[in-house]
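The values are calculated or read from the model by the stated rules, or taken from the named source; none is laboratory data. All of these numbers come straight from a predicted model, not from anything done at the bench. Counting neighbours? That spans all protein chains shown, and the Cβs are built from the backbone with ideal geometry, glycine included. Accessible surface is based on the protein model in full, side chains and every heavy atom, while ligands, DNA and RNA are left aside. Shrake-Rupley method; radii C 1.70, N 1.55, O 1.52, S 1.80 Å.
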Amino acid sequence: MQNLFSIGEVAKLKDITIKALRYYHKMGILEPRFIDEQTGYRYYSIDQLIYIDVIKGGRALGTSIAELQEIFKDCNTDKLLDFLQVKKQEAETTIDKMNEIIGYIDELNETVRYSRGLLKQDEICIQKMEPRYVVVAPCKEVGSLKELLYYSELEKVVQELQIEVAMERGILYEMNEQGEAVPKYVFNELEDQKNVKVTEKIKCIPGGKYLTLTYSKDNEAEQTKKLFEYVIKNDIQVKRLLEIELFSDFFNTEAYNCQLQMLIE
């Protein structure tokens with residue numbers, strides 16, 4: 001028919017199923033311009049094609065059938081524009097959340113890759129590190145998974161302060177007069193390292209040169225001994241010790257891997 005498109009033609013033009021067009025007709029959202037009484041075929045005019053764009057866009061943004069029925073019943077352009085603006089803001093919020101999730105996935109992937117790379121190095125290294133701002137909770141004892149209790153307290157601090165943290169976490173030790181490492185805090189690195197104010201619960205781990213060595217559950221004693229013997233042999237003054245968790249296998253709960261970091265200057 002002149003200036004009209006069959007339901008099949010519209011389906012191809014607008015990349016929509018015939019079933020969907022029939023459904024929108026049934027629900028009173030998109031009435032065909034003409035219906036052949038003898039065949040029952042539906043026909044649409046060219047000006048109705050933009051309605052299909054609105055419907056598809058609305059559905060993609062989570063618009064309900066009831067909301068679409070209300071819009072197309074009123075046939076009010078200003079009301080439609082206001083409604084679409086609300087849906088746009090909702091979509092932008094969803095996009096922001098999706099970007100956060102994508103960022104977390106990227107960080108997780110990079111953390112595992114970095115951790116596995118470190119575990120391949122079993123020798124003592126000297127690394128220059130930048131200052132790191134961390135959120136902390138007191139820690140009085142470690143070993144036999146005792147630190148897990150303190151990590152639970154740390155999570156409460158994170159929730160209390162409503163801050164974003166990165167994946168790097170660990171235990172901060174102070175060196176006593178006998179040169180022994182004494183646990184002081186469990187910590188989590190802050191996601192945002194800019195314009196951070198040091199408080200009772202936010203600390204700055206100094207930058208500088210660090211002796212580093214990784215260990216696994218199987219060689220923890222051997223590697224720790226190697227590092228401390230190196231310090232004694234070379235008469236190195238250790239200012240601080242960090243024990244950083246390495247995330248190389250999230251599903252093997254029996255295994256654990258860490259990197260020791262000793263601040264030497």
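Tell me, what % of the accessible area of region 204-265 is carbon and sulfur with a 1.4 angstrom probe? Carbon and sulfur atoms account for 49 percent of the accessible area of region 204-265. Annotation: amide H of GLU191 within the under-5 Å range of GLU164, VAL165, ALA166, sequence separation 5 or more or interchain, hydrogens built in the peptide plane.
For GLU200, neighbours were defined as the other residues whose beta-carbon sits under 15 Å from its Cβ, and their charges (Lys and Arg +1, Asp and Glu -1) total +3.
If the cut-off is a Cα-Cα distance under 15 Å, which aspartates and glutamates reach LYS79, setting aside same-chain residues fewer than 8 apart in sequence? Output for LYS79: GLU67, GLU70. Our helix-only sum for the chain, with -39,500 (n - 2.57) per DSSP H run of n ≥ 4 divided by its residues, gives a mean residue ellipticity at 222 nm of -13500 deg cm²/dmol. Taking every protein chain into account, the accessible area of the chain amounts to 65 square angstrom per residue (probe 1.4 Å).
Each residue of region 27-39 was assigned a 3J(HN,Hα) from its phi angle through the Karplus curve 6.51 cos²θ - 1.76 cosθ + 1.60 (θ = phi - 60°); the sequence is 7, x, 8, 9, 7, x, 5, 8, 10, 5, 5, 7, 9 Hz, with glycine and proline shown as x. For region 1-133, the Stokes-Einstein estimate of translational diffusion at 25 °C and a viscosity of 0.890 mPa s comes to 128 µm²/s, using the Kirkwood hydrodynamic radius over alpha-carbon pairs. In the complete set of protein chains, residue-level accessible area for TYR256 is approximately 90 Å², probe 1.4 angstrom. Under the combined filter of DSSP loop state and at most 10 neighbouring Cβ atoms within 10 Å, region 162-265 retains these trypsin sites (Lys or Arg not before Pro): LYS194, LYS197. Largest first and in whole Å, the equivalent-ellipsoid semi-axes of the chain read 65, 20, 15, each the square root of five times a Cα gyration tensor eigenvalue. Under 15 Å between alpha carbons, and skipping anything fewer than 8 positions from LYS128 in its own chain: which aspartates and glutamates qualify? Counting by Cα, and skipping residues close in sequence, LYS128 has these aspartates and glutamates nearby: GLU265.
The residues GLU107, GLU9, GLU222, GLU243, sorted by heavy-atom accessible surface at 1.4 Å with ligands and nucleic acids left out, run GLU222, GLU9, GLU107, GLU243 from largest to smallest.
In order along region 92-101, the phi-based Karplus estimate (6.51 cos²θ - 1.76 cosθ + 1.60, θ = phi - 60°) of 3J(HN,Hα) comes to 5, 5, 5, 4, 4, 5, 5, 5, 4, 5 Hz; Gly and Pro are listed as x.
Over every Cα atom in region 110-265, the radius of gyration and the widest Cα-Cα span, Dmax, amount to 15.2, 45 Å. The fraction of accessible area contributed by carbon and sulfur in region 1-92 is 53 percent, rounded to a whole number (1.4 Å probe; ligands and nucleic acids excluded).
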